[in-house]
Each structure stands twice: as structure tokens, then as C-alpha cells.
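Here's the structure we're looking at; comments come further down.
A short reminder: the numbers here are calculations on the coordinates, not readings from a lab. All values derive from a computational prediction rather than experimental measurement. A quick note on method: Cβ atoms are made from the backbone with ideal geometry, for glycine too, and the neighbour counts reach across all protein chains shown.
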Amino acid sequence: MKPGKVRPIALGVFQKDKRILVSEGFDIVKKQAFFRPLGGKIEFGEYGYQTVIREIKEEIHADVTNLNYLGTLENIFIYNGQKGHEIILVYDCEFVDPTMYSKLIINGLEDDGVQIKAVWKSLLEIKEDGVPLYPSGLMQLLTGGT
């Protein structure tokens, strides 16, 4: 995150059996776990859907198909003590390889070497556990406002 800059990102929402694939994150300052779909920064000259395809390939070495735009979110937040501001394009998408849906944990790497651990979680589980789903507004977008 660059301080004072708005960051355009695109996220991919993969679904199976009323569960979504989310990476597990942790804010060391707040001492708080959170969930977030996979994706990343939109590069100059790249469409949001292309970002999802590229990021998923880079992060977990998987191919993506059937991308459908779900909506745009704006997120102003504090992470690890730093203020951030993102404009997020959210896409529903599918894995080309059906075996990805049978994996309980999907491990990967961010481009900066940070490890990714993605798991399948139901939106109800996320609500009941009280672990935030980021970006803000994503839960409402996925549930139609409920």
C-alpha cells in the first residue's frame, strides 16, 4: 500500500456448495484475523477481469474461466496501522481445473513473497464466527444486501 494513493484492485469470488474461497489474513496492529477473496492490483492498461485471471495464476497457479462482474466497492480502512483506500471490482468466477474445488486448503504466494492460505468458508460461518470479510460491503454484495 502506498500512503495517500487510491489503489484499484480486482477480486475473484469462487463458489462451491454455498462456500466462497477466501484467503486468511491477520492485522498485527489490531490483532485481528480477517478473510478476503483472492485478487490484486489492476495494472495500467489492464481490465479488471484480466487482473483476476493474472493474479490467480500468479498467486495459486490456477486458470480461471466464466468471469462475471458483480459490482464495485470502495473501501477506506486501516491495515497494520496504515490508512488505505481501494476501489474494488468484484467478479464471480470459476476454476478451469475442477480439482481446485476439492482442496480444503489452497496455498500460494503473493508477488512480494507473503504466503497465502485460502480456505472455503460459507458466508453464514463467516457471520457467525465474527471474523470480518473484506473489503467492506462484500458480504452485502454477495447476499443481496442481507
Output the number of residues of segment 106-128 satisfying the condition of being over 15 Å from the mean Cα position of the chain (by Cα) and under 25 Å from LEU70 (Cα atoms).
4
Check on TYR69, hydroxyl-bearing (Ser, Thr, Tyr) and touching a residue at least 12 places away in the same chain (Cβ under 8 Å):
yes
What number goes with the only condition from (1) among the aliphatic types (A, V, I, L, M); (2) surrounded by 13 or more Cβ atoms within 10 Å (Cβ to Cβ); (3) farther than 12 Å from VAL13 by Cα that VAL96 does not pass?
(2)
Which members of segment 1-34 meet the condition of being within 18 Å of MET100 (Cβ to Cβ) and surrounded by 14 or more Cβ atoms within 10 Å (Cβ to Cβ)?
LEU11, GLY12, VAL13, PHE14, GLN15, LYS16, ARG19, ILE20, LEU21, VAL22, SER23, GLU24
Residue list for segment 92-126, filter: acidic (Asp, Glu), closer than 16 Å to HIS61 by Cβ and free of Cβ contacts under 8 Å to residues at least 40 places away in the same chain
ASP97
Search result, residues across segment 15-28 that are part of a loop (DSSP other than H, G, I, E, B) and in contact with a helix residue (DSSP H, G or I) (Cβ under 9 Å, 6 or more places away or on another chain)
ASP17, LYS18
Given (1) under 12 Å from LEU11 (Cα atoms); (2) of a type in the set (S, T, N, Q); (3) exposed (fewer than 13 other Cβ atoms within 10 Å of the Cβ), number of the condition ASN80 does not satisfy:
(1)
Among (1) out of contact with any strand residue (DSSP E or B) (no Cβ under 8 Å at 6 or more places or on another chain); (2) of a type in the set (S, T, N, Q); (3) farther than 19 Å from PHE26 by Cβ, there is one condition GLN82 misses while meeting the rest; what is its number?
(3)
Among the candidates LEU133, LEU142, LEU123, LEU109, single out the residue that is surrounded by 12 or more Cβ atoms within 10 Å (Cβ to Cβ) and touching a Ser or Thr at 6+ places or on another chain (Cβ under 7 Å).
LEU123
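Is there a residue in segment 126-140 that is hydrophobic (A, V, I, L, M, F, W, C) and within 16 Å of ALA10 (Cβ to Cβ)?
Yes, segment 126-140 contains at least one residue that is hydrophobic (A, V, I, L, M, F, W, C) and within 16 Å of ALA10 (Cβ to Cβ).
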Given the conditions (1) of a type in the set (A, V, I, L, M); (2) in contact with a Gly (Cβ under 6 Å, 6 or more places away or on another chain); (3) farther than 19 Å from PHE14 by Cβ, report the number of the one that VAL114 does not fulfil.
(2)
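So that you can scan it fast, the table gives a plain yes or no per residue for (1) touching a Cys at 6+ places or on another chain (Cβ under 8 Å); (2) touching a residue at least 24 places away in the same chain (Cβ under 8 Å):
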residue	(1), (2)
GLY4	no, no
SER23	no, yes
ALA33	no, yes
PRO37	no, yes
GLY40	no, yes
VAL52	yes, yes
GLU59	no, yes
ASP63	no, yes
LEU73	no, yes
